[in-house]
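First the structure, in the form of structure tokens, and then the observations on it.
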Amino acid sequence: MRYFGRLFSATFLALATTIWATSLVAQELASADLVEKARSAVAKLNQSLTDLPPDTPAKERVTALTDAIVSYEQGLGAVRAGLRIIELQKDAITQDLNQNRAQISAFLSVLTSLERRPKPLIFGHPDGILANIRASTLLADMTPKLQEQAEVLSAKLQEIARLDKAQKNAKDSLLAGFSAAQTARADLSKAISLRGDLPKLGAENTQRLNDLGRGAASLEVFAQMLADAPQTTLAAGRNFSEAKGFLPWPAQGRLLLAPSQPDDQGLVKPGLTLATQPNTLVTAPWDVILRFSGRFLNYDNLVILEPQIGYLLILGGLETVYGTVGTVIKQGYPLGLMPGAGGKSDKDFVSLLEDDGAAEIKPLYIELRYESETLDPMPWFNAIGDDRRYE
């Protein structure tokens, strides 16, 4: 009977651990309301494509399409994060049950054998009547407790199944908006090309800046060249230095490399790197002047922005860049798109959701400089997923 008690204790511990892990999933995912967020994002995306008359001014079309695409990508990120959480927790539950599989099987075998044996044999005990009474009392006390814990576990596992279904519904909703997202990005590029009302400052220096870029041996040298070059600046307005901690991220993604963290090849850069998905829209986190755009070394397309005199915000890794040097770009206005090698079909899109798109990560490099110094950009931006903006 001591073995029976130890077996119950181990099984009870396994069940308690499983219930605890499952409860965390319920609390974390139920509050997210991912299905509603996904459907809302797709609805807004579809609305932006159907409610804009053909004669809508390019400025309004750019704003509407940008908002819709950003909302869609945020919904996509939320669903991906939810899928990642639920898979981790389900793995933990499975691992916990597998570790206790032998004990649970043995315990079930004992219960099965008890059910098949005649009642007189059940209550018979080789150590006598007193031991027989103790054994039967322990069994009577044990059965309701085990049944209670089993019912709790069953309820929690059903909750996991419900959340898993919610995740699937959210994924299906975003999949339904996949084609609309591709159309919206194409329409956005066209609307930007037709918009001719963006002010420009110092556009006459475009060729000179391109020459500087070709002659620079490193990004640090090039950034210093730009900082030293005489240029027209934005009119006095919001103080960029006061926006520290409130800047929205320029793209939807997750942190891949912190500043000065070596990459797979051991290279260290002073900026951070975001892991984005194919075709992710990149927007301006502040009112800026576009100081440079073009291919530079191994950064693919590089965008250098000036939010305020003395500051330079550098974004690298884009495939498509909107705007020309000297353009004044408002906060939230699209700067370009990340490379789109993946996610071109529904099958690719679903695989990106299911495996977090690890095979299709498009790194966006972000560096912030003030005069001759490189700043840590992390404290300047919102926590990832926080949509607050400095006003």
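Bear in mind these aren't lab numbers, they're just calculated from the coordinates by the rules spelled out. All of these numbers come straight from a predicted model, not from anything done at the bench. Backbone-built Cβ (ideal geometry, glycine too); neighbour counts: all protein chains shown.
Overview of results
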quantity	calculated
Table column - 3J(HN,Hα) (Hz), region 247-263, Karplus curve with 6.51, -1.76, 1.60, x for Gly and Pro	5, x, 5, x, 8, 6, x, 10, 5, 9, 9, 6, x, 6, 8, x, 8
Label-to-label distance, nm, for residues given as residue 194 and residue 50 (7 Å Cα→Cβ offset)	2.1
Listed pairs 244/330; 269/362; 44/330; 190/244; 44/362 exceeding 27 Å between Cα atoms	190/244
